[in-house]
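The values are calculated or read from the model by the stated rules, or taken from the named source; none is laboratory data. Worth saying up front: this structure is predicted, and the values here are computed from it rather than measured. Heads up, the Cβs are rebuilt from the backbone with ideal geometry, glycines too, and the neighbour counts pull from every protein chain shown. Remember, those area values only see protein heavy atoms, side chains included, never the ligands or the DNA or RNA. Shrake-Rupley method; radii C 1.70, N 1.55, O 1.52, S 1.80 Å.
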Amino acid sequence: MNQLSIYEKVNAGNRITREEGLMLLQKIELLDLGEIANVIRFRKNPKREVTFVIDTNPNYTNVCNIDCIFCAFYRHPGEEGEYTYTVNEMIQNFKNTASNGVTTVLLQGGVNPALPFDYYLELVERTRKEVPEVHPHFFSTSEIEGMAKVSGLTIKEVLQKLWNAGLRTIPGGGAEILSDRVKKKISHLKGTSADWLNVMREAHKIGYKTTATMMYGHLETDEDIIEHLEVVRQLQDEYHGFTAFIPWSFKPGNTPLHKIIPTYASSTRYLQIIALSRIYLDNFDHIQASWFSEGKKIGQVAIHFGADDFGGTLYEENVHAEADFVNKTTIDEVIHLIQDSGFTPVQRTTLYKTLKVYEKIQAA
Amino acid sequence: MTHNYRDENLLPIFQKLQHGERLSLEDGLVLFKTNDLIALGKMANYVQQQKSGDAVYFVLNQKIEHTNVCVLSCKFCDFAKKKGEPDAYEMTTENILAHITPEIREVHITGGMPPDWEWERYLDIVRGIHEKFPEADVKAYTAVEIDFFHKKFKMPIEEVLKQLQSVGLKTMPGGGAEIFTERVRKLLFPQKIGARGYLEVHKTAHRLGIPTNCTMLYGHIETFEERLIHLIKLREAQDETGGFLSFIPLAFQPGDTGISVGDGSASGGKSHSQFTSAIDDLKTIAVSRLMIDNIPHIKAYWVMLTEEVASVALNFGADDIDGTVGREHIAHDAGAVSPMKLAKNQIIKIIKDAGKIPVERDAFYNPLNAFGENIIGKIPFLNSVSFYHNLEKKGFKILPVSPRRMGMLSKQGQLDAGLFSLMDYFEQEEQLELLDLCIATRDQVKSVMLFSKEGWAGLNGKKIGITDETATSVQLLSVLLENKYRVQAVPERLHPGVNDYSMFDAVLLIGDEALKHNKRGLNGFELAFDLAKEWYDWQKLPFVFAVWACRKALSGERREELKEMISDSLEKSEIDLGGIGYPYGKSFGLTKEETKEYLEGFNYRLGERELEAMNVFKSLIVKINVIV
């Protein structure tokens, strides 16, 4: 096993092993890794196109009882600063954003034990009915497990009812690192790797499409990262339900984990992870670069290391008084960032259907 | 390393690089326009690895901007103030000294050009720092300021520089180059000195033995072609003088400056995101490394690039990340997002994250400390090429370092293995273990040369300049002088970067410098003695200049791996010594045949006669005092 043999293996369309994955992560120079990743990237997506989605990322509640030590967002029930919006309020929020061109609402909350299952069903149904322009991309696996708990239904039943209400895709957050050794330390109430995989498997069986994520740069080892990629790849072999894989690095600011992990993972590490993901996950169609979490400049570089998607424009993360202005700026900026990197930006739907190709206007 | 390029236009350029050929402006345009960022980076990395291996340099430096009062009004600058404006400041030498701490190794001084300072005040700053902090090398005043002094104080440029040098100036920063074309200069900085003025100041400095840096300000209104013209002009100037230490591409910081970015074809009509894109930053670093084949270092200046992009740039051809900086106004005022100061540890982390060896340097790029594990020292001379050219590194990292500095780093416990100068091996014999490989001569060597105005007998009591790089050759010279010729001379260490030898009666040069002059002759020195030949004629033994050794503490397994790695590389290289050596040999005028002959003149395996020669030499060693 050496660099050349792995290159040849990938070039021939063969799958790499865990050991080879570990070698890629530990022994191969950055640009060599990028070169191998691009073999797969351009085989799967031969056009020099990079997709993005105009989306918004609101939260219906910040109340949460899971206490993850990497999170700076949640509040306990009754704690100062907690909020939970009504379905009416959320629908109004979606209508506002839809009028500004948003096509996807990625909605997540805390896991608020006070909300009944009907709240979630109503949210999906009314979104479909009252704001048909937007695609609901709702609820992480933890929230779905929370719904099972409050309703007494099984995961499968919860998912089926949400499907019947009109939900078709689920975001892939909450995976963190699919290694129980690490999960116990950073999110002991969140459930095991098997729980995350189980919700995803049940969803894929019904016909949902989901994404898969990975948050690295905290307590995990290189072996844990390989384990994560391995279990995700295995599940993808079963139903091909994942649309994209999205790795991002842990951001220590304002979190309890900050005391143990004070520094950011490096930009080189991020590019290695993007490239390794592209190589390892040979059954995923897309790898997403996260400009929002890694910075715009490194996001640009990542699309040369195997990523073919630039994620969302994150409308609500930018909302200020002049919301539509900010939004316009954001979409334009994403387009420019992709163009400056030497790729053609393509606006897509949640399910990766092309909406608009932004051909570059050549400077005279 | 694999080279599978998606952009076929890059292939002929890569072939040129493999043969050590220089790139043309047209090649540069292909490089700037390619979308295959990875391939471009790999080409730059390939070239950079030959020059500096896995090393990335940094310096504990303090940046001093002695005043922001300036008579010029350059459009891109929002640092300068007019005298009397509320934020205007002017520092005294005392103010400046208060900013410097004892661990600082380089003080970088640039500032505005105030209307009313006396010449003495500028000299006093340099003198004051040099006297109070002799460990800190003073790098002061850009070409623009030197030219301003020349005009304001009515002294020739050479005189300005000589006076600064006499009070302690060591090197000069590279600011003020901007973009060398007249079109851009007239539009953006009509008051600045332009290409001719800039290069004249730098070349004058080089002739006086003051090495300098050079820069390019990109990402405003310039075209790719204009960037390339700029790079080629620097390359040509370097051909003349060889005095540039490093090149620094500076990304334009829009902020509150008077420039609206929008008509630059280089950025494809960049009108929206005003900061340069990361792709442009990385491409510019890589293209600079590839175009400028004769400047040793390319700097990724983290203050302007951001830490994240600077770290990635270390895989795209850059081998220097500047330093701790300390105090940095100009880029900060225009909105650079990096924090004001990075601690040394943070710099080390950025370099390690990129998979490289952090190497703390002095102003002349001499390594002072190397941080990390599994580091192999590399002698960056043609005579060692066969060991390194085909080396599969297997987790080891390569640090090029002159023989003398290799000994110092090893003594500091910062190297795991290396090709050690024989004297260093003798000195550290207890900690080191031989790996049965060496560089020994058969009869002559051509790269350890004494260039002399006198015959051996005539050198009695005369001054001999000794290259900074040597540890063993200077000892061989002493043995020859004292034991073979019975003369006593006065050896004196040459400063790195100095190439005016007129004050000496003889000069000892080694490695590529010696080879170069052996071929062309050294001006003013009629005689040239090959020390290995002198030794052979006397002792009828080979001379061992360097031996491969590793730390005894290295595990047996790792040691075997190392031995195998180096032997494998040597065997592969020996198939075509001329071929692998030629790209290096060519740069100092050797033909392929001559390169081959030179490399075949060595014995690379440590045999019985070599061991005997080592013992004989050891018994003859005399105590020498080299004046530093």
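Brief remarks on what is shown
- Contact map, region B:391-419: residues that are within 14 Å of another protein chain (Cβ to nearest Cβ) paired with residues that are surrounded by fewer than 20 Cβ atoms within 10 Å (Cβ to Cβ) and not in a helix (DSSP H, G or I), Cβ distance under 7 Å, separation 6+ or inter-chain. Pairs shown: B:Gly395/B:Asn374; B:Phe396/B:Asn374; B:Lys397/B:Gly372; B:Lys397/B:Asn374.
- The set of residues from region A:18-31 being surrounded by 15 or more Cβ atoms within 10 Å (Cβ to Cβ) and more than 9 Å from chain B (Cβ to nearest Cβ) comprises A:Glu20, A:Gly21, A:Leu22, A:Met23, A:Leu24, A:Leu25, A:Ile28.
- Residue satisfying all of: in region B:211-242; touching a residue at least 40 places away in the same chain (Cβ under 8 Å), assigned to a helix (DSSP H, G or I) and of a type in the set (Asp, Glu); nearest to B:Glu182 (Cα to Cα) among these: B:Glu226
- If you go through region A:292-307 and keep only what is under 17 Å from the mean Cα position of the chain (by Cα), assigned to a loop (DSSP other than H, G, I, E, B) and more than 7 Å from chain B (Cβ to nearest Cβ), you end up with A:Ile303, A:Gly306, A:Ala307.
- So B:Ala506, is it closer than 27 Å to B:His206 by Cα and more than 20 Å from the chain's Cα centre (by Cα): yes
- You will find that of A:Val346, A:Val357, the residue that is more than 10 Å from chain B (Cβ to nearest Cβ), open to solvent by 40 Å² or more (accessible area, probe 1.4 Å) and at pLDDT 95 or above is A:Val357 and no other.
- When residues of region B:298-321 are limited to those that are part of a loop (DSSP other than H, G, I, E, B) and open to solvent by less than 10 Å² (accessible area, probe 1.4 Å), the one farthest from the other protein chains (Cβ to nearest Cβ): B:Asp319
- Of all the residues in region A:278-291, those that are modelled with pLDDT of 90 or more, within 14 Å of chain B (Cβ to nearest Cβ) and assigned to a loop (DSSP other than H, G, I, E, B) number 1.
- Within region A:176-213, being outside any loop (DSSP other than H, G, I, E, B), surrounded by fewer than 23 Cβ atoms within 10 Å (Cβ to Cβ) and of a type in the set (A, V, I, L, M) holds for A:Val182, A:Ala194, A:Leu197, A:Ile206.
- When region B:365-390 is filtered for residues that are in a loop (DSSP other than H, G, I, E, B) and surrounded by 20 or more Cβ atoms within 10 Å (Cβ to Cβ), the ones remaining, listed by number, are B:Tyr365, B:Ile379, B:Pro380, B:Phe381.
- Members of region B:538-563 that are open to solvent by 10 Å² or more (accessible area, probe 1.4 Å) and either under 10 Å from B:Leu435 (Cα atoms) or not assigned by TED's automatic domain parsing to the domain that holds B:Glu612 (or both): B:Arg559, B:Glu560, B:Lys563
- Among the candidates A:Leu106, A:Leu25, residue that is at pLDDT 90 or above and more than 24 Å from A:Leu314 (Cα to Cα): A:Leu25
For every residue, the table says whether it meets (1) in contact (Cβ under 8 Å) with a residue 24 or more places away in the chain; (2) within 30 Å of A:Gly342 (Cα to Cα); (3) surrounded by fewer than 16 Cβ atoms within 10 Å (Cβ to Cβ); (4) out of contact with any strand residue (DSSP E or B) (no Cβ under 8 Å at 6 or more places or on another chain).
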| residue | (1), (2), (3), (4) |
| --- | --- |
| A:Asp55 | yes, yes, no, no |
| A:Pro58 | yes, no, no, no |
| A:Cys64 | yes, no, no, no |
| A:Gly78 | no, no, yes, yes |
| A:Met90 | yes, no, no, no |
| A:Asn96 | yes, no, no, yes |
| A:Thr104 | yes, yes, no, no |
| A:Asp118 | no, no, yes, yes |
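Results for (1) more than 30 Å from B:Ile376 (Cβ to Cβ); (2) of a type in the set (Gly, Ala, Ser); (3) within 14 Å of chain A (Cβ to nearest Cβ); (4) surrounded by fewer than 23 Cβ atoms within 10 Å (Cβ to Cβ), shown as yes or no for each residue.
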site: B:Gln15; (1), (2), (3), (4): no, no, no, yes
site: B:Leu31; (1), (2), (3), (4): yes, no, yes, no
site: B:Asp36; (1), (2), (3), (4): yes, no, yes, yes
site: B:Gly41; (1), (2), (3), (4): no, yes, yes, no
site: B:Gln50; (1), (2), (3), (4): no, no, no, yes
site: B:Tyr57; (1), (2), (3), (4): no, no, no, no
site: B:Gln62; (1), (2), (3), (4): yes, no, no, no
site: B:Glu65; (1), (2), (3), (4): yes, no, no, yes
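- Extreme residue, most open to solvent (accessible area, probe 1.4 Å), among residues of region A:141-175 that are part of a helix (DSSP H, G or I) and of a type in the set (Ser, Thr, Tyr): A:Ser151
- Only a single item in (1) within 14 Å of chain B (Cβ to nearest Cβ); (2) open to solvent by 20 Å² or more (accessible area, probe 1.4 Å) is not met by A:Val50, and it is number (2).
- Of the residues making up region B:521-544, those that are hydrophobic (A, V, I, L, M, F, W, C) and over 13 Å from B:Gly601 (Cα atoms) are B:Leu522, B:Phe525, B:Leu527, B:Ala528, B:Phe529, B:Leu531, B:Trp535, B:Trp538, B:Leu541.
- Selection status of B:Lys394, closer than 15 Å to B:Leu562 by Cα, basic (Lys, Arg) and modelled with pLDDT under 90: yes
- Residue that is nearest to the other protein chains (Cβ to nearest Cβ) [pool: residues in region A:3-17 that are open to solvent by 70 Å² or more (accessible area, probe 1.4 Å) and in contact (Cβ under 8 Å) with a residue 12 or more places away in the chain]: A:Asn11
- Subset of region B:99-139 that is among the aromatic types (Phe, Trp, Tyr) and outside any loop (DSSP other than H, G, I, E, B) - its residue that is surrounded by the fewest Cβ atoms within 10 Å (Cβ to Cβ): B:Trp119
- The condition of being loosely packed, with under 15 Cβ neighbours inside 10 Å and not in a strand (DSSP E or B) does not hold for B:Glu610.
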